[in-house]
Amino acid sequence: MVRSGGPPQDQQSDVAVSAVLANHHYDLASGGREFLLNGAGASDLFLLGELHGDSEIPNLLKDLWPEMWTQGYRHTAAELSPWAAHQGWNLCLRKRS
């Protein structure tokens, strides 16, 4: 058995993954909103997904869609449960009117 003196390989991987995630973490209430809108502005497709039954995606679409509309978006694909899709659609319609 050869031992390098460092943490086991799986712990090294965990540390590396945690570092990458920390460097790409955005708070949606602040810089994350701008990050998403900038990404949407530079892309032709905006795709979101969530755990079924959560309300984050419909709420996020409610907030982002008006600005995305001004960027030229007319269609957004989101992988949601039927209930969440219905709620999100209703929120988007209310926000636009």
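What follows draws every value from the coordinates through simple rules; no lab data is involved. Keep in mind that this is a model prediction, so the values were computed, not measured. Ideal geometry is used to build each Cβ from the backbone, glycine not excepted, and the neighbour counts take in all protein chains shown.
Quick rundown of the values:
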item	result
Under 5 Å, built H, 5+ apart or other chain: amide partners of S81	G53
Inter-site label distance for V20 and E67 at 7 Å from Cα along Cβ, in nm	2.7
Relative packing of peptides 16-29, 57-70 - highest average C-beta neighbours within 10 Å first	57-70, 16-29
